[in-house]
Amino acid sequence: MERLNIAVFVSGGGSNLQAIIDALSTDLNQTTIKCVISNRKEAFGLKRAEKYGIDAHYFGIGNFPDVSERISQLLLLLNNYKIDLIVLAGYLAILDERFIAAYKGRIINIHPSLLPKFGGHGYYGLKVHAAVLAAGEKQSGATTHFVDSGIDTGRIIYQSSVMVKADDTPEILAQRVLREEHQLMVKTIADIQNGVLSIGL
């Protein structure tokens, strides 16, 4: 079996990245994280990658103010790494259509709701969980999906649900959903690694 080369994109702390790293010796034993990319220079996810000896790169307005140049350089880097799969793990920037076209069918994302509910523009982080509670939902959860040119509109891969409790706050609900995210992210990558899920055009 050929190894699955992935690039993980993060914007913040990178707890989903950590879940992937932790699974490299078990469920993801045929997967290699070739690099971690962030649109935020100070993202802790970059430091997390460096701690494990994983190449970490910042691609943002600070070093590539021209978006077209940024995308060109990013695509060149990923091509040099021979990336098979792009994993968006808490990546809060919108991907350029040229980038999506270059990796069509090979970009997956994790979202902290049961899509299509509470997805799309403006639904990220605690805003998602606050909206779930405000709507009086009885269930929430996490979704992995393929990325297309819309926001959270790509084909759903897997979902995992949690009960919404009467005394939940957005922060408490977020922690419960995050545990599901970690498991769902690893399962999704493992099934791609093992050929259960096919990627590409």
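The values are calculated or read from the model by the stated rules, or taken from the named source; none is laboratory data. Just so it is clear, the structure is predicted and the values come from calculations on it, not from any experiment. For neighbour counting, all protein chains shown are included, and Cβ atoms are generated from backbone atoms with ideal geometry for every residue, glycine included.
Here are the numbers:
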| quantity | calculated |
| --- | --- |
| Pick from segment 109-129, criterion buried (at least 17 other Cβ atoms within 10 Å of the Cβ) and touching a helix residue (DSSP H, G or I) at 6+ places or on another chain (Cβ under 6 Å), ranking: farthest from I199 (Cα to Cα) | H129 |
| Leading residue by the ranking (surrounded by the fewest Cβ atoms within 10 Å (Cβ to Cβ)) among those in segment 168-184 that are touching a strand residue (DSSP E or B) at 6+ places or on another chain (Cβ under 9 Å) and of a type in the set (A, V, I, L, M, F, W, C) | L178 |
| Selection count, segment 148-167, where residues are out of contact with any strand residue (DSSP E or B) (no Cβ under 9 Å at 6 or more places or on another chain), of a type outside the set (A, V, I, L, M, F, W, C) and within 23 Å of L92 (Cα to Cα) | 2 |
| Criterion (over 13 Å from the mean Cα position of the chain (by Cα), aliphatic (A, V, I, L, M), at pLDDT 95 or above and closer than 14 Å to V87 by Cα) met by exactly one of I192, I172, I156 | I192 |
| Members of segment 20-45 that are in contact with a His (Cβ under 8 Å, 6 or more places away or on another chain) and either free of Cβ contacts under 8 Å to residues at least 12 places away in the same chain or not hydroxyl-bearing (S, T, Y) (or both) | C35, V36, I37 |
| Verdict on G53 being at pLDDT 95 or above and surrounded by fewer than 17 Cβ atoms within 10 Å (Cβ to Cβ) | yes |
| Residue identified as within 22 Å of F59 (Cβ to Cβ), touching a residue at least 60 places away in the same chain (Cβ under 8 Å) and of a type in the set (V, I, T) among I94, I110 | I110 |
| Condition met for I83 (at pLDDT below 95 and either in a loop (DSSP other than H, G, I, E, B) or at positive phi (or both)) | no |
